[in-house]
Amino acid sequence: MSLDRATVARVADLARIAVPEEQLEPLVAELAGILSWVEQLAEVDTEGVEPLRSVHPIRRAWRPDEVADGNCREAILANAPEREDGFFVVPRVVE
Amino acid sequence: MSELARLGLVEARARLRRREISAVELTRACLEAMERGRHLNAFITETPDRALAMAEAADARLARGAGGLLEGLPVAVKDLFCTAGVRTTAGSKILANFVPPYESTVTARLWAEGAVLLGKTNLDEFAMGSSNTTSAFGPVINPWTPPGREPPLVPGGSSGGSAAAVAGFLCPAATGTDTGGSIRQPASFCGIVGIKPTYGRCSRFGIVAFASSLDQAGAFARSVEDAALLLQAMAGFDPKDGTSADLPVPDWSGGLSGRVKGLRIGIPREYRLDGMPAEIEALWAKGADWLRAQGAELVEVSLPHTRYALPTYYIVAPAEASSNLARYDGMRYGLRVPGRDLVDTYKRTRGAGFGAEVRRRILIGTYVLSAGYYDAYYLKAQKVRRKIVQDFEAAFTRCDALLTPTAPSAAFAIGEKSDDPVSMYLNDVFTVTVNLAGLPGISVPAGVSASGLPLGLQVIGRPWDEATILDVARALEEAAAFRALPPGAPEA
């Protein structure tokens with residue numbers, strides 16, 4: 001499939017990455033190159049093959065539902081770009 | 001340079017235990033070597049004060065006759081492992097000022113065994129790259145760069161800083177992570193040993209995530225026995241990682257025999273690529289001869305889906321990366337670039353914080369996971385991935401380990417292969433299959449190219465059978481007698 005400028009702009013929007021206008025065109029070419037290269041997978045007959053999600057069968061262990069940590073507000077906020085009164089300050093979410 | 005900075009882990013450990021040297025002396029020697037080796041740009045953050053304090057504590061334990069597996073041994077840590085109170089950047093602008101409040105499980109194990117943190121090593125941004133040129137902190141220089149050569153050679157990637165630091169004698173050993181070859185390819189380019197264990201051996205807790213079904217921590221050192229020792233300290237079950245294996249860690253270091261007599265070593269036919277440099281083909285044949293001479297039986301095997309491994313990887317890894325990196329939104333930690341509203345803040349933050357390669361992979365991942373394309377790309381890749389795993393299962397019914405080249409070339413120059421992303425991706429053609437199948441793999445320096453640069457051979461094993469690949473690697477190391485030293489290494 002051929003990738004166009006509008007598709008790349010839409011994908012960048014989905015990924016929440018601002019892409020400067022002048023970088024869009026070269027990006028279209030790069031991504032199209034990568035996608036046409038990965039499309040050779042279409043040659044492989046995968047009829048009836050179960051998709052692989054985990055390489056080793058891992059038995060998920062149950063653990064008691066107990067509080068393991070807490071009371072670490074300062075550690076959680078230590079890297080905050082902006083904070084106030086023990087809370088994160090973020091842009092308005094609800095108008 | 002101080003003779004101490006040349007010591008490997010096992011030798012230094014013996015001398016520390018005999019009290020011939022102190023951990024502080026050894027640490028100082030490494031810190032001095034790091035200072036003289038700063039032109040390599042191997043470290044993003046050096047931690048000399050912490051290192052000396054840790055070394056003093058180790059000396060006190062050694063004086064009492066106590067101490068862990070790595071007591072008093074200085075190591076470098078790839079800047080992808082979270083270290084409490086020490087800046088952890090993942091080589092990215094978006095985490096340039098991030099100081100983790102917690103410790104990764106792997107590094108916590110190292111400190112519990114008495115190891116000393118020298119600093120955090122440079123890497124490709126978010127471990128995405130094969131040349132360490134995508135780091136926001138600048139490229140790393142391979143210590144094998146001939147004097148005066150411009151531009152200098154890359155150390156490989158993504159764990160380029162760790163590989164250069166060990167090869168350049170700035171430290172005896174370092175941790176790395178390997179998602180598609182990020183330990184083994186730089187080990188090959190820098191003439192050292194690099195091992196990636198079976199997926200699930202080392203906890204991923206506290207390692208900045210790239211592609212969670214492929215990421216695995218491992219070790220760099222200048223000998224197989226040193227790599228075995230470091231890996232042994234890093235590995236082990238961790239309830240904080242749902243994919244961590246609840247299996248005992250064998251005594252790889254103590255059990256290392258180098259015996260290959262009676263082992264069946266597979267040579268995968270499909271790894272003989274068209275246009276592969278003759279010197280790499282010749283070194284591979286030599287490696288097979290060395291093992292045969294030591295009593296191993298060589299068998300040709302087939303891994304028919306090898307050529308589909310890289311395309312599979314470049315769907316699976318970006319898909320997982322696009323999900324993992326969604327967390328960098330500028331709200332709770334990391335860079336924030338304010339915008340008009342919330343969504344604009346996200347976009348500006350991520351636009352400014354991610355470099356070109358990371359952006360490329362997030363966009364590819366977002367695309368292949370988007371509505372209408374999921375089945376054609378992601379689901380298809382997961383199916384081909386199973387075929388690749390089945391190839392290995394079939395091969396391992398006929399052999400105990402596989403021998404292959406590690407990389408399709410020796411180290412190249414900074415700036416080469418940067419125009420075309422796919423040509424850079426091809427570096428991992430021999431290593432990426434191992435990640436897709438979750439197998440253990442090791443690279444051992446086995447010879448030099450016509451231009452005098454190191455070349456590695458790779459040994460691949462069955463799941464959980466690191467012991468066998470360590471023995472095969474030890475046998476190769478002994479036969480290769482690789483003694484060449486990089487011109488960039490400080491003088492003895």
Subset of the range B:378-398 [more than 9 Å from chain A (Cβ to nearest Cβ) and either buried (at least 20 other Cβ atoms within 10 Å of the Cβ) or of a type in the set (Gly, Ala, Ser) (or both)]
B:391, B:392, B:394, B:395, B:396
Taking the range B:7-44 and keeping only residues that are more than 13 Å from residue B:75 (Cα to Cα) and of a type in the set (D, E, K, R), one is left with B:11, B:15, B:17, B:18, B:19, B:20, B:25, B:32, B:35, B:36, B:38
Picked from the range A:62-95 (must be surrounded by 10 or more Cβ atoms within 10 Å (Cβ to Cβ) and over 26 Å from the mean Cα position of the chain (by Cα)), the residue nearest to the other protein chains (Cβ to nearest Cβ) is A:72
Being assigned to a loop (DSSP other than H, G, I, E, B), touching a residue at least 12 places away in the same chain (Cβ under 8 Å), within 14 Å of chain A (Cβ to nearest Cβ) and at positive phi is the requirement here; does residue B:156 meet it?
no
Evaluation of residue B:34 against (1) within 30 Å of residue B:325 (Cα to Cα); (2) buried (at least 19 other Cβ atoms within 10 Å of the Cβ) (one fails), failing number
(1)
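Let's see how each residue does on (1) surrounded by fewer than 19 Cβ atoms within 10 Å (Cβ to Cβ); (2) not small (Gly, Ala, Ser):
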| site | (1), (2) |
| --- | --- |
| B:404 | no, yes |
| B:415 | yes, no |
| B:434 | no, yes |
| B:437 | no, no |
| B:441 | no, no |
| B:446 | no, no |
Which residues, counting only those in the range A:20-34, are closer than 21 Å to residue B:424 by Cβ and either facing chain B (nearest Cβ under 7 Å) or assigned to a loop (DSSP other than H, G, I, E, B) (or both)?
A:30, A:31, A:33, A:34
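Results for (1) in a helix (DSSP H, G or I); (2) in contact (Cβ under 8 Å) with a residue 12 or more places away in the chain; (3) closer than 27 Å to residue B:444 by Cβ, shown as yes or no for each residue.
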position	(1), (2), (3)
B:76	no, yes, yes
B:91	no, yes, yes
B:103	no, yes, no
B:119	no, yes, yes
B:126	yes, yes, no
B:133	no, yes, yes
B:166	yes, yes, yes
B:177	no, yes, yes
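Within the range B:42-54, track down each residue that is within 25 Å of the chain's Cα centre (by Cα) and either free of Cβ contacts under 8 Å to residues at least 24 places away in the same chain or assigned to a helix (DSSP H, G or I) (or both). Write out each step before concluding.
Our first condition is that a residue be within 25 Å of the chain's Cα centre (by Cα); within the range B:42-54, this holds for B:42-48, B:50-51, B:54.
B:48, B:50, B:51, B:54 - these are the residues of the range B:42-54 that are within 25 Å of the chain's Cα centre (by Cα) and either free of Cβ contacts under 8 Å to residues at least 24 places away in the same chain or assigned to a helix (DSSP H, G or I) (or both).
To keep it simple, each residue is scored yes or no on (1) more than 7 Å from every other protein chain (Cβ to nearest Cβ); (2) within 27 Å of residue B:133 (Cβ to Cβ); (3) modelled with pLDDT of 95 or more; (4) in contact with a Gly (Cβ under 9 Å, 6 or more places away or on another chain).
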| position | (1), (2), (3), (4) |
| --- | --- |
| B:310 | yes, yes, yes, yes |
| B:319 | yes, yes, yes, yes |
| B:326 | yes, yes, yes, no |
| B:331 | no, no, yes, no |
| B:339 | yes, no, yes, no |
| B:344 | yes, no, yes, no |
| B:352 | yes, yes, yes, no |
| B:356 | yes, yes, yes, no |
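Here is a check on your reading of the model: is residue A:54 within 23 Å of the chain's Cα centre (by Cα), more than 9 Å from every other protein chain (Cβ to nearest Cβ), more than 20 Å from residue B:331 (Cβ to Cβ) and of a type in the set (Ser, Thr, Tyr)? Step through it out loud before you land on a result.
On the way: within 23 Å of the chain's Cα centre (by Cα): yes; more than 9 Å from every other protein chain (Cβ to nearest Cβ): no; more than 20 Å from residue B:331 (Cβ to Cβ): yes; of a type in the set (Ser, Thr, Tyr): yes.
The answer is no for residue A:54.
The values are calculated or read from the model by the stated rules, or taken from the named source; none is laboratory data. Keep in mind that what you see is a predicted model, and the values were worked out from it rather than measured. Positions of Cβ are backbone-derived with ideal geometry, glycine not excepted, and every protein chain shown enters the neighbour counts.
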